[in-house]
Amino acid sequence: MLCNACKQNEAKVHLTKIVGDKMQKVDLCEDCSKDKGVDDPTSYSDLLMGLSAEPVPSEPEPAAEPGAKCPACGYSQADFKKAGRFGCSECYDTFGEGLVVMLKTMHKGTRHTGKVPAALHQSRVEAQKVKLLQKRLDKAITEENFEEAAQLRDEIKRLK
Amino acid sequence: MTIHEFLVPPAVACQRAGPHDQIVMSSRVRLARNLKKHPFPSWAKKPDRLRVLEAIQPAVETLPQLAPHFAAAMDDLTPLDKQILVERHLISREHAAKGAGSGLVVNQEETLCVMINEEDHLRMQALRPGLQIKACWQAIDDLDSALEPKLDFAFTPELGYLTACPTNLGTGIRVSAMLHLPGLVLAEEITRIINAANKLNFAVRGLYGEGTEALGNVFQVSNQMTLGESEPQIIERISKALNQIIEEEENARLLLMEKKSKIVFNHIGRAYGVLANAHTITSKETMNLLSLLRLGGELGLFTKLDRSLTDEMFLLTQPAHLQQQHTEKLGAEERDILRATMLRTRLRDIPRPQAPE
Ligand SMILES: [Zn+2]
Ligand SMILES: [Zn+2]
């Protein structure tokens with residue numbers, strides 16, 4: 001989506017503006033939003049992203065050391081600031097520190113609660129199972145129940 | 001085979017029906033996915049993008065869910081092909097602008113369409129006529145699960161599916177419906193509805209036209225938040241909002257017929273008059289007037305006007321579809337003349353609207 005004011009840059013700030021008793025949607029780039037005084041909350045109401053009660057975030061961006069670059073793809077903080085997008089999936093690690101603050105302004109929560117790839121789901125279930133068997137194995141050994149211990153050891157081996 | 005030969009003609013495509021299709025033109029669920037260890041498309045160099053395309057396209061093409069399908073690299077499609085795909089709502093404008101290293105796979109029913117190297121490595125969408133959000137989700141969830149063993153998706157348990165833009169992070173889901181809301185526009189209630197939807201964190205935008213324009217009274221409602229809620233929760237929430245908007249549109253139509261029927265008949269009668277008699281007409285005017293014709297059909301003002309005909313005219317009068325019916329390259333003025341000629345021909349056997357006694 002392009003900025004409504006300069007029609008050149010990608011719009012990053014999405015607002016509902018009140019003119020008289022009419023409401024208008026406005027999408028602005030970072031530069032224009034500063035020019036139009038978006039930092040002055042009295043002239044605008046209702047940030048679209050569900051921020052009605054919160055002040056306008058002037059610079060929602062992850063905080064990493066300035067100049068830090070993603071070791072996987074070479075993306076920098078400045079690149080993110082310009083594009084609003086990351087360079088690769090590992091950038092989420094590199095620039096992860098301030099990420100939560102930014103995600104709070106965009107989303108319902110900051111933790112994923114949706115679909116999990118089946119393989120990962122499966123491996124998590126199996127890891128849990130191994131943990132449980134390991135506990136039983138430790139107990140069997142302290143109780144000198146060697147027959148059960150041998151059985152448990154086999155079962156763990158199979159799962160790993 | 002070209003994409004034109006593959007896709008069914010508009011006359012057939014517009015026969016597809018679904019629940020609430022007098023208001024909901026179509027439903028869509030899109031998932032964004034990326035591969036591990038490859039830069040996202042907009043940061044990737046061309047060789048990187050080609051590698052990703054070569055990994056993803058064959059994986060997608062082997063899925064039985066998509067058969068029979070059409071696949072192409074974006075640089076193998078002509079600008080006209082791409083525009084046709086945009087007008088059919090199969091790919092985004094952004095994807096149409098892509099060249100080497102991007103690709104597309106679409107099935108013949110036009111219910112599944114996968115964009116490769118758009119903003120994310122994979123943008124896969126399920127589409128259905130009418131209000132069928134849940135069916136769309138089931139179809140795309142199934143497609144995604146079928147791809148999982150073949151492709152290594154970037155995912156962490158904390159942040160979910162990792163996307164180029166953090167606004168899509170987590171589920172990577174975008175649920176949307178295309179709504180025809182002439183009643184709410186005529187009743188001047190549309191701003192209230194848009195604001196109410198915005199308050200619930202849903203985006204509402206005109207599907208055609210620049211900025212705040214909503215040509216043809218067609219609006220798209222979609223979720224904005226993708227993290228911190230599960231897919232079924234997001235679907236539940238937006239379905240509730242959509243059902244409310246449908247009810248509001250139905251009420252607006254009833255109220256207009258009760259209180260302002262003369263104004264409504266006037267709008268529809270004039271729309272028919274212009275569409276059936278114009279000798280030159282812009283795409284913009286056509287969309288707005290066809291919207292009124294569609295409304296007239298639903299209010300029972302026409303004896304012989306099917307919704308599929310207005311929808312077909314809507315599609316056929318879009319610039320690329322109009323161009324496709326002619327071999328020579330058309331200028332804007334020629335298009336306006338040919339558009340008017342086609343509309344006159346198509347409406348010749350449709351008697352003018354009659355206000356009920
Ligand atoms: Zn600007
Ligand atoms: Zn990176």
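The values are calculated or read from the model by the stated rules, or taken from the named source; none is laboratory data. What you are looking at is a predicted structure, and each value in this text was computed from that prediction instead of being measured. Don't worry about glycine lacking a Cβ; one is built from the backbone with ideal geometry, like all the others, and counts go over all protein chains shown. Just so you know, the surface numbers come from the protein's heavy atoms only, side chains and all, with ligands and any DNA or RNA stripped out. Shrake-Rupley method; radii C 1.70, N 1.55, O 1.52, S 1.80 Å.
Amide H to amide H under 5 Å from B:Ser26: which residues, 5+ apart in sequence or cross-chain, H placed 1.01 Å off N in plane?
Those lying under 5 Å, H to H, from B:Ser26 are B:Gly130, B:Met178.
Using protein chains only and a probe of 1.4 angstrom, how many square angstrom of B:Thr341 are accessible, to the nearest 10?
50 Å²
Kindly compute the accessible surface that chains A and B hide from a 1.4 Å probe when together, both sides summed, and give it to the nearest 100 Å².
Numbers: alone 12030 and 16640 Å², together 25160 Å².
Separately minus together, A and B give about 3500 Å² buried.
With every protein chain in place, what's the accessible area of B:Met74 (1.4 Å probe, Å², nearest 10)?
0 Å²
Please give the solvent-accessible surface of B:His95 in Å², to the nearest 10, using a probe radius of 1.4 Å with every protein chain present.
Solvent-accessible area, nearest 10 Å²: 0 Å².
Please report the antiparallel percentage of the DSSP beta bridges confined to the range B:3-252, to the nearest 5.
Given both bridge residues lie in the range B:3-252, the antiparallel proportion sits at roughly 100 percent.
Suppose R0 equals 41 Å; then what is the FRET efficiency for B:Arg352 and B:Leu200 from their Cβ-Cβ distance, rounded to the nearest 0.05? Write out the running numbers ahead of the final one.
Working: r = 41 Å, r/R0 = 1.01.
Efficiency, rounded to the nearest 0.05: 0.50.
Among B:Cys165, B:Cys113, B:Cys136, determine the one that fluctuates most according to a GNM of chain B built with springs between C-alpha atoms less than 10 Å apart.
Fluctuation is largest for B:Cys165.
Which one, B:Tyr272, B:Gly216, B:Met25, is farthest towards the positive end of the dipole of chain B when Lys and Arg carry +1 and Asp and Glu -1 on their Cβ?
Going by the charge dipole, the pick is B:Tyr272.
Per DSSP H run of at least 4 residues, take -39500 (n - 2.57); add these up for chain B, divide by its residues and hand me the 222 nm value, nearest 500 deg cm²/dmol.
The per-residue figure over chain B is -14000 deg cm²/dmol.
In what sequence, largest accessible area first, do A:Glu97, B:Glu213, B:Glu357 appear using a 1.4 Å probe?
Numbers: A:Glu97 165, B:Glu213 60, B:Glu357 220 Å².
From most exposed to least exposed: B:Glu357, A:Glu97, B:Glu213.
Could you compute the FRET efficiency for B:Lys36 and A:Asp31, with r as their C-beta to C-beta distance and R0 at 35 Å, rounded to 0.05?
0.50
Amide H neighbours of B:Gln15 under 5 Å, counting only residues 5+ apart in sequence or on other chains, H built in-plane at 1.01 Å?
Counting only residues 5 or more places away or on other chains, the set is empty.
On the accessible surface of the protein assembly as shown, probed at 1.4 Å, how many percent belong to carbon and sulfur atoms?
52 percent
Can you list residues from other chains, or at least 5 along the same chain, whose modelled amide H is less than 5 Å from the amide H of A:Lys115?
HN-HN under 5 Å from A:Lys115: B:Glu231.
Which helices, counted as full DSSP H runs in chain B, have an axial Cα extent of no less than 30 Å and a Kyte-Doolittle average of 0.5 or above?
Within chain B not a single helix satisfies the rule.
Which value, in debye to the nearest 20, gives the size of the charge dipole of the range B:3-252 about its Cα centre, when Lys and Arg are +1 and Asp and Glu are -1 at the Cβ?
Dipole magnitude for the range B:3-252 comes out near 540 debye.
Give the aspartates and glutamates whose C-alpha is closer than 17 Å to that of B:Lys304, dropping any in the same chain fewer than 8 places away, or say none.
B:Glu312, B:Asp349
Using the heavy atoms of the protein chains alone and a 1.4 angstrom probe, what is the accessible area of the protein assembly as shown per residue in square angstrom?
Numbers: 25160 Å² over 517 residues.
Each residue of the protein assembly as shown exposes 49 Å² on average to a 1.4 Å probe.
Could you work out how much longer the chain between B:Glu54 and B:Asn277 gets when fully extended? Use 0.36 nm per residue separation minus the Cα distance between them, nm to one decimal.
75.1 nm
Considering only Cα-Cα distances, which of the following residue pairs are longer than 30 Å: A:Lys69/A:Lys129; A:Lys115/B:Lys240; A:Lys12/B:Lys98?
A:Lys69/A:Lys129
Please list, in order along the range A:109-126, the HN-Hα scalar couplings obtained from phi with the Karplus expression 6.51 cos²θ - 1.76 cosθ + 1.60 (θ = phi - 60°), rounded to whole Hz, x for Gly and Pro.
Karplus values, whole Hz, x for Gly and Pro: x, 10, 10, 6, 10, x, 4, 10, x, 4, 4, 5, 4, 4, 5, 5, 4, 5.
Nearest 20 debye, what's the magnitude of the dipole of the range B:1-131 about its Cα centre given +1 on Lys and Arg Cβ and -1 on Asp and Glu Cβ?
Details: 16 positive and 15 negative charges, 101 e Å.
Magnitude of the dipole: close to 480 debye.
How many nm separate the modelled label positions at B:Thr78 and B:His4, each set 7 Å beyond the Cα in the direction of the Cβ?
Inter-label distance under the simple model: 0.6 nm.
Could you compute the FRET efficiency for B:Arg344 and B:Lys262, with r as their C-beta to C-beta distance and R0 at 30 Å, rounded to 0.05? If you can, show how the numbers build up before the last one.
Values: r = 27 Å, r/R0 = 0.90.
Result of the calculation: an efficiency of 0.65.
Accessible area drop of at least 20 Å² (1.4 Å probe, protein heavy atoms): which residues of the range B:150-164 qualify, relative to the chain alone?
B:Phe155, B:Pro157, B:Glu158, B:Leu159, B:Tyr161, B:Leu162, B:Ala164
State the Cα centre-to-centre distance between the range B:1-62 and the range B:184-220 in whole Å.
Centre-to-centre (Cα) distance: 26 Å.
Which value in nm describes the separation of the simple spin-label points at B:Thr62 and A:Lys129, placed 7 Å from the Cα toward the beta carbon?
In this crude label model, B:Thr62 to A:Lys129 measures out at 2.6 nm.
How many nm separate the modelled label positions at A:Ala68 and A:Asn145, each set 7 Å beyond the Cα in the direction of the Cβ?
Using points 7 Å along Cα→Cβ, the separation is 4.9 nm.
With +1 on each Lys and Arg Cβ and -1 on each Asp and Glu Cβ, and nothing else charged, work out how big the dipole of the protein assembly as shown is about its Cα centre, in Debye to the nearest 20. Kindly include the intermediate steps, with their values, before the conclusion.
Numbers: 65 positive and 69 negative charges, 83 e Å.
My answer is approximately 400 debye.
Name the residue farthest towards the positive end of the dipole of the protein assembly as shown from the options B:Val60, A:Tyr92, A:Phe80, assuming +1 on Cβ of Lys and Arg, -1 on Cβ of Asp and Glu, about the Cα centre.
In the protein assembly as shown, that residue is B:Val60.
Please work out whether the range B:187-344 counts as rounded, prolate or oblate from its C-alpha gyration tensor, where a ≥ b ≥ c are the square roots of the eigenvalues and a/c under 1.5 means rounded, while otherwise a/b larger than b/c means prolate and anything else oblate?
oblate
For the range A:143-155, just list the computed ³J(HN,Hα) in residue order, Karplus coefficients 6.51, -1.76 and 1.60, θ = phi - 60°, integers in Hz, with x standing in for Gly and Pro.
8, 6, 8, 6, 4, 5, 4, 4, 4, 5, 4, 4, 5
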